Every structure is written in C-alpha cells, then in structure tokens.
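These notes concern the structure reproduced below.
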Amino acid sequence: MARDLGPKCRQCRREGLKLFLKGERCLTEKCAIERRSYPPGEHGRGRIKQSEYLLQLREKQKARRYYGLLEKQFRNTYQKASARTGPTGENLLRMLETRLDNVVYRLGFAGSRAQARQLVRHGHFLVNGRRVNIPSYGVRPDDIVSLKQGSPAESIVRDATDLTASVSPWLQADHDGLTGKMLKWPERAEIDTPVQESLIVELYSK
C-alpha cells in the first residue's frame, strides 16, 4: 500500500499551520512550527508570489495532508463528492470527515489520524459489531464504532482518550466502554477543518 513517508512536521511548516499529524507532540513546544514558523527549504523565508492557482493548490494540499490521503485517493473522493447532490465542497468535507479512520480519531480513540488509520488497518475496530479494516470505510448515521473486545491496543486507545478534550457534536463517545456512535451527518459549521473548500472545487473544475 502506498504511503507518504515524508517528515510530518515538514508538511505542517509547508502549509503554515498545525495539521496535528503527530498527536501529542503537536501540543508541546517540540512542535516544529512553534520553533520555525516559516516554510522549509532554502527559500523558505523568501517572498512567494501568491497567484490564484497557488492559493487553490495550497488549499488542496492542506486538506489532503490534514486527512492523510494521497493524491489519487483525494481526487477519487472529490469525484464521488461532485456526483452527489448539494454543494461539492461540503460533500467533499463530509465524506472526508465520515471516513472510519477520521471517525476513530474524532471520537478520541487515537492520538492522530495516522495512528487511527493503523489501528483500523490492523482490525482493532468494529462497526456495528463487524470487523472493518478499511480506513476509507464510510460511516453512516446510527453506526456504532467500538474497540474489538480483548484488543491488545486497548491501552493505546485509553491513553488517547485521556488527552481528548471534546468530541465533535455529530458524534457520541463512551470513553469508558470505548464505543462511539455517529448521530447524524456533520454540517459544515460542525467541521473545523482549516480549509476553504471552494478553492479546492475551483482547482479541480479547471
């Protein structure tokens, strides 16, 4: 399976904001963007001409890295979103938010989306009582996500829940029982992803 093996902190510095790719480390002074808030590379501190295309590309790259998708995966998700009724940008964010790996992260069962993806791939989570090991699996309203009974990852999941301050309003989490439920489809106002989805739509519409 293809993976992005580049440095995580370098991605945050390139986008100019925290993407929370390394979990707990992003909350400490060790976070790279706290020490070096400028883009990486030899010309990181130089001025870059902000063209319309560059702004659109940066928003797409920011969203792709935020959710941990490769280019082909992100484009396929966009094409599915554009085929649905309603605003394409909101459909895209809604599809990204309801991926199983992101739901596990939003419920507080993992310290980062990368960790959530690994836990899902290794079969530690159930959806409605059935084992699902596909990170891109689309969770639907009333679906129940739970940790597999007797999972060796239980201590890791409980450590992650201790760091969770809040859960998204479209989700319901039981951190004692390590179960969660998707209450409804998320509204745009309930998605705190720091991107302007309209710029992504403009980029792919060319």
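The values are calculated or read from the model by the stated rules, or taken from the named source; none is laboratory data. Values in this document were obtained by computation on a predicted structure and should not be read as measured data. In this analysis, Cβ positions are derived from the backbone assuming ideal geometry, glycine residues included, and neighbour counts consider all displayed protein chains.
Against the list (1) out of contact with any Leu (no Cβ under 9 Å at 6 or more places or on another chain); (2) exposed (fewer than 14 other Cβ atoms within 10 Å of the Cβ), the condition residue 90 fails is (2). On the stretch given as the range 173-206, residues that are under 19 Å from residue 120 (Cβ atoms) and without any contact (Cβ under 8 Å) to a residue 40 or more places away in the chain total 4. When the strands (runs of 3 or more DSSP E) confined to the range 119-206 are screened for residues that are within 16 Å of the chain's Cα centre (by Cα) and under 30 Å from residue 88 (Cα atoms), none reaches at least 3 such residues.
Quick check on my filter: what residues within the range 100-115 are closer than 16 Å to residue 169 by Cβ, in a helix (DSSP H, G or I) and in contact (Cβ under 8 Å) with a residue 60 or more places away in the chain?
103, 106
For the structure I just gave you, tell me whether residue 153 is closer than 24 Å to residue 61 by Cα, outside the structural domain of residue 59 (by TED's automatic domain parsing), aliphatic (A, V, I, L, M) and out of contact with any Ser or Thr (no Cβ under 9 Å at 6 or more places or on another chain). In short, no. Of everything listed in (1) out of contact with any helix residue (DSSP H, G or I) (no Cβ under 7 Å at 6 or more places or on another chain); (2) at pLDDT 95 or above; (3) charged (D, E, K, R), the single unmet condition for residue 45 is (2).
Out of 173, 114, which single residue is out of contact with any helix residue (DSSP H, G or I) (no Cβ under 6 Å at 6 or more places or on another chain), closer than 18 Å to residue 67 by Cβ and surrounded by 13 or more Cβ atoms within 10 Å (Cβ to Cβ)?
Sole residue among the options that is out of contact with any helix residue (DSSP H, G or I) (no Cβ under 6 Å at 6 or more places or on another chain), closer than 18 Å to residue 67 by Cβ and surrounded by 13 or more Cβ atoms within 10 Å (Cβ to Cβ): 114.
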